[in-house]
């Protein structure tokens, strides 16, 4: 599962940007991770976001 996340991060974020500084990379990747967890529906979660699935499970 982690390997799939890393591949998705590379394909949808890292490979699409030219980072000028480590701070720039940290900000862009952090923004993408927040998008991935809070706004991007996941097929494996019944088209819910991870945040929605976590809330329903709690």
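Throughout, read-outs are computed from the coordinates displayed, never taken from laboratory work. Here the structure is a predicted model, which is why all the values come from computation and not from measurement. Note that we place each Cβ from the backbone using ideal geometry, even for glycine, and neighbour counts take in every protein chain shown.
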> Of the residues that sit in the stretch 40-58 and are assigned to a helix (DSSP H, G or I) and in contact (Cβ under 8 Å) with a residue 12 or more places away in the chain, which one is farthest from residue 12 (Cα to Cα)?
Replying inline: 51
> When residue 42 is evaluated against the numbered criteria (1) surrounded by 12 or more Cβ atoms within 10 Å (Cβ to Cβ); (2) farther than 20 Å from residue 1 by Cβ, which criterion, by number, is the only one it fails?
Replying inline: (2)
> How many residues are touching a helix residue (DSSP H, G or I) at 6+ places or on another chain (Cβ under 7 Å) and exposed (fewer than 13 other Cβ atoms within 10 Å of the Cβ) when one looks only at the stretch 1-36?
Replying inline: 1
